[in-house]
Amino acid sequence: MSHPDRAFFITTAIDYANGAPHIGHVYEKILTDAIARYQRLAGREVFFLTGTDEHGEKIAKAAAKAGQTPQVFVDDLATRAFKGLWDRLDIAYDDFVRTTEGRHKRFVQDILQRVYDAGDIYFDEYEGLYSVGAERYVTEKELVEGPDGVRRYPGDKDPPELRREANYFFRMEKYQAWLLDHIGQNPDFIQPAGYRNEVLEMLREPIGPLSISRPKSRVPWGIELPWDPDHVTYVWFDALLNYVSAPVSKGERPEVIGTAWHVIGKDILKPHAVFWPTMLKAAGLPPYRRLVVHSHILAEDGRKMGKSLGNAIDPEALVAQYPVDAIRYTLLREATLSADSPYGEGILVSRLTSDLANDLGNLLSRTVSMIQKYRGGVIPAATEITEREREIEAAALALPGQILGLVDDLKINMALEAAMNFVRDLNRYIAESAPWNLAKSEQTARRLDTVLYTAAEGLRVASVALEAALPSKARELRAQLGLGGQSYTLAGAWGLTPAGTQVVGGAILFPKPEPRVAPDKLAPEATPKPAKEPVKENVTPMTQTEVVPAVPAAAPTAPAEALISIDDFARIDLRVAEVLAAEAVPKADKLLKLTVRLGEEERTVVSGIRQWFAPEALVGRKVILVANLKPAKLRGIESQGMILAAEDDQGNLDLVGLTLDLPSGTKVR
């Protein structure tokens with residue numbers, strides 16, 4: 001790296017090429033890519049490494065089962081299944097290393113010879129429990145009893161085998177005290193802290209030597225030991241060295257490993273937190289800088305995913321069905337490092353609809369549409385600045401530092417939420433400013449110019465803040481604003497959108513997905529009702545709502561069946577209500593808690609209008625309330641009614657109100 005002071009080296013675990021990638025592989029690559037992109041946006045020189053682990057007993061068996069040689073088998077998986085999927089997911093890696101490549105094999109043999117010459121590798125006979133799944137010897141303490149009463153290593157289908165064979169061993173226990181001390185003195189070495197504590201517990205017990213070879217007669221698919229061609233190196237002593245072999249092949253010194261961040265899953269914690277640092281120490285190399293450990297992705301119902309359970313997500317099908325940036329954003333937004341996180345199509349659709357389509361996409365559509373409608377498509381200059389614009393500018397200047405601080409703390413989901421809160425505030429700003437009203441008078445023309453510029457520049461700021469998760473859509477957003485081809489750093493700046501820029505517009509940034517229901521969710525004996533057609537410019541209730549899954553339409557029915565009688569309408573008690581107080585609902589970015597008066601009665605109503613209205617702007621306003629709706633609890637608050645609002649196809653929303661100042665409690669009929 002040409003500028004060491006600005007260098008940032010990050011890796012994923014390299015994927016074991018014995019089968020197609022699963023959603024856990026996808027999450028790890030997206031997570032690492034996002035961290036790398038944040039660092040690039042911060043102006044750092046990034047080297048992002050990923051790849052495939054292609055040696056070992058399991059691969060030889062899988063290749064034989066497929067009727068292929070191991071090399072042909074891994075060639076296909078590495079290029080088509082792994083590299084191909086990462087390219088489709090817009091993973092911007094700088095190098096893709098394969099452990100069957102000559103550059104890697106040569107480096108592994110050099111390091112093995114160095115450690116052997118130092119006396120840290122010796123030959124011995126060993127008997128123990130061997131996990132074919134983990135490709136290593138395991139202890140009784142590591143086994144977990146399954147529902148069938150059989151003890152297995154976590155993640156294995158079969159119990160471990162008792163094996164006795166002569167292998168070469170690495171004196172790993174020689175470096176145990178050093179590693180324990182290093183972790184103690186470097187609290188950020190393993191994160192989150194829960195995994196650090198887990199490793200410290202491991203190191204308080206004897207760790208013993210590490211078997212690092214297999215007889216070539218039993219496992220021919222591997223890298224030969226340079227001093228004994230009858231043995232191949234054990235897969236971990238081979239695979240872990242990719243983190244050094246790849247940058248060295250690009251001209252870096254081996255010591256570059258001391259700057260590395262490794263991003264791995266919790267199932268391979270011990271090899272990365274114990275085996276790898278001791279190997280580096282024995283080779284005379286510094287330990288990596290940081291081990292970032294993530295938890296697993298669960299099924300949407302919170303159960304473990306698995307093909308046998310029928311709840312596994314097929315990444316290829318996911319990419320075929322949904323926008324890549326939506327997959328990236330929703331995984332990063334929903335998952336946390338320290339706890340297993342549910343994920344599935346329902347979660348994806350909900351987050352895509354609320355955050356990306358409603359909040360970000362509608363903001364862009366409204367802004368571009370208004371600039372085209374009111375200013376001939378030219379972004380005007382801001383000439384009449386108020387305290388509200390200064391608040392937005394201050395938030396924009398502070399946002400990059402806030403985001404980068406959260407990224408350094410590995411709180412990627414919170415970094416994205418900070419960016420989306422900025423977007424939601426821009427939506428509230430437009431609703432408060434009502435540019436459609438400002439456009440009605442020449443006297444408010446300068447104010448309109450300021451609102452339109454602030455919205456456009458705010459969108460540019462948001463695009464940079466979200467670019468690590470939405471690399472393609474961030475560029476598309478800027479292109480619609482007329483800023484195509486421009487790239488920006490994640491740094492506090494305001495006013496970089498030139499006044500006079502011609503907006504371009506374009507397709508909807510995130511079309512709302514069609515919610516789907518799995519066939520087994522429909523009762524076979526039930527006759528499905530036809531799905532309602534979407535209504536625009538219509539009066540709609542604005543409380544927290546659920547996405548109603550579309551179901552197959554029934555046979556066409558007569559239009560009269562969709563009509564209601566006067567008696568049906570008479571059952572709805574609509575009343576004029578006055579808003580007495582309004583406040584945001586904690587931890588609910590779309591909800592407001594309203595206190596309203598109906599005559600002599602006061603009620604609490606929870607309404608999903610926070611992105612359009614500031615609470616203080618609602619106090620004193622007369623609204624229309626569905627007064628005889630059954631109460632419902634939303635975020636622990638009982639909502640005693642529903643207020644009505646109208647929304648057009650540009651996302652502009654207003655509450656249904658009155659032209660006369662009628663008293664609260666007045667019946668609407």
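The values are calculated or read from the model by the stated rules, or taken from the named source; none is laboratory data. Remember, predicted model here, so these are calculated numbers, not experimental data. Counting neighbours? That spans all protein chains shown, and the Cβs are built from the backbone with ideal geometry, glycine included.
Below are the figures for this structure:
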| item | result |
| --- | --- |
| Residues of the stretch 281-339 that turn out to be free of Cβ contacts under 8 Å to residues at least 24 places away in the same chain, of a type in the set (Lys, Arg) and within 20 Å of LEU470 (Cα to Cα), as a count | 0 |
| Filtered residues of the stretch 465-489 (kept if more than 19 Å from the chain's Cα centre (by Cα), of a type outside the set (Gly, Ala, Ser) and farther than 23 Å from LYS373 by Cβ) | GLN486, TYR488, THR489 |
| Total residues in the stretch 142-158, condition without any contact (Cβ under 8 Å) to a residue 24 or more places away in the chain and loosely packed, with under 15 Cβ neighbours inside 10 Å | 8 |
| Positions within the stretch 73-106 being farther than 18 Å from ALA239 by Cβ and aliphatic (A, V, I, L, M), in sequence order | LEU85, LEU89, ILE91, ALA92 |
| Any hit, the stretch 233-243, residues being assigned by TED's automatic domain parsing to the domain that holds LEU203, assigned to a strand (DSSP E or B) and buried (at least 22 other Cβ atoms within 10 Å of the Cβ) | yes |
| Residues (touching a helix residue (DSSP H, G or I) at 6+ places or on another chain (Cβ under 6 Å) and of a type in the set (Asp, Glu)) located in the stretch 286-303 | GLU300 |
| Elements of type helices (runs of 4 or more DSSP H) in the stretch 1-79, at least 1 residues being within 25 Å of the chain's Cα centre (by Cα) and in contact (Cβ under 8 Å) with a residue 40 or more places away in the chain | 23-41 |
| All positions within the stretch 170-195 that are closer than 16 Å to THR278 by Cα, surrounded by 19 or more Cβ atoms within 10 Å (Cβ to Cβ) and in contact with a strand residue (DSSP E or B) (Cβ under 8 Å, 6 or more places away or on another chain) | PHE170, MET172, ILE183, PHE189, ILE190 |
| All positions within the stretch 111-141 that are within 39 Å of the chain's Cα centre (by Cα) and either surrounded by fewer than 11 Cβ atoms within 10 Å (Cβ to Cβ) or touching a residue at least 24 places away in the same chain (Cβ under 8 Å) (or both) | ILE111, LEU112, LEU129, TYR130, SER131, VAL132, GLY133, GLU135, ARG136, TYR137, GLU140, LYS141 |
| Of all residues in the stretch 44-94 being touching a Pro at 6+ places or on another chain (Cβ under 8 Å) and of a type in the set (Phe, Trp, Tyr), the one that is surrounded by the fewest Cβ atoms within 10 Å (Cβ to Cβ) | PHE47 |
| Tabulated pairs, the stretch 399-413, first within 10 Å of ALA42 (Cβ to Cβ), second among the β-branched types (Val, Ile, Thr) and outside any helix (DSSP H, G or I), C-beta under 8 angstrom, 6+ apart or interchain | none |
| Condition check for LEU360: under 31 Å from the mean Cα position of the chain (by Cα) and part of a loop (DSSP other than H, G, I, E, B) | no |
| Boolean, PRO559 is at pLDDT below 50, more than 21 Å from LEU360 (Cα to Cα) and over 35 Å from the mean Cα position of the chain (by Cα) | yes |
| Strands (runs of 3 or more DSSP E) contained entirely in the stretch 586-669, each with at least 2 residues that are within 34 Å of the chain's Cα centre (by Cα) | 592-598, 601-607, 632-634, 637-639, 642-647, 653-655 |
| Pairs where the first residue, in the stretch 563-574, is within 13 Å of ALA627 (Cα to Cα) and in the same structural domain as LEU625 (by TED's automatic domain parsing) and the second is among the charged types (D, E, K, R) and assigned to a loop (DSSP other than H, G, I, E, B), C-beta under 7 Å, 6+ apart | none |
| Residue count for the stretch 23-42, restricted to those that are touching a strand residue (DSSP E or B) at 6+ places or on another chain (Cβ under 9 Å) and either in the same structural domain as ASP409 (by TED's automatic domain parsing) or among the hydrophobic types (A, V, I, L, M, F, W, C) (or both) | 6 |
| Yes/no for THR336 being modelled with pLDDT under 95, farther than 30 Å from GLN321 by Cα and either touching a strand residue (DSSP E or B) at 6+ places or on another chain (Cβ under 7 Å) or assigned to a loop (DSSP other than H, G, I, E, B) (or both) | no |
| Check on LYS105, out of contact with any helix residue (DSSP H, G or I) (no Cβ under 7 Å at 6 or more places or on another chain), within 25 Å of ARG218 (Cβ to Cβ) and outside any strand (DSSP E or B) | yes |
| Members of the stretch 244-264 found to be among the polar types (S, T, N, Q) and surrounded by fewer than 20 Cβ atoms within 10 Å (Cβ to Cβ), listed by number | SER249, THR259 |
| Every residue from the stretch 588-617 that is at pLDDT 85 or above and not charged (D, E, K, R) | LEU591, LEU592, LEU594, THR595, VAL596, LEU598, THR604, VAL605, VAL606, SER607, GLY608, ILE609 |
| Meets criteria (touching a strand residue (DSSP E or B) at 6+ places or on another chain (Cβ under 9 Å) and in the same structural domain as ALA415 (by TED's automatic domain parsing)) for ALA299 | no |
| Given (1) modelled with pLDDT of 95 or more; (2) surrounded by 19 or more Cβ atoms within 10 Å (Cβ to Cβ); (3) assigned to a loop (DSSP other than H, G, I, E, B), index of the condition TRP221 fails | (1) |
| Residue within the stretch 148-167 that is part of a helix (DSSP H, G or I), in the same structural domain as GLU224 (by TED's automatic domain parsing) and of a type outside the set (Val, Ile, Thr) present | no |
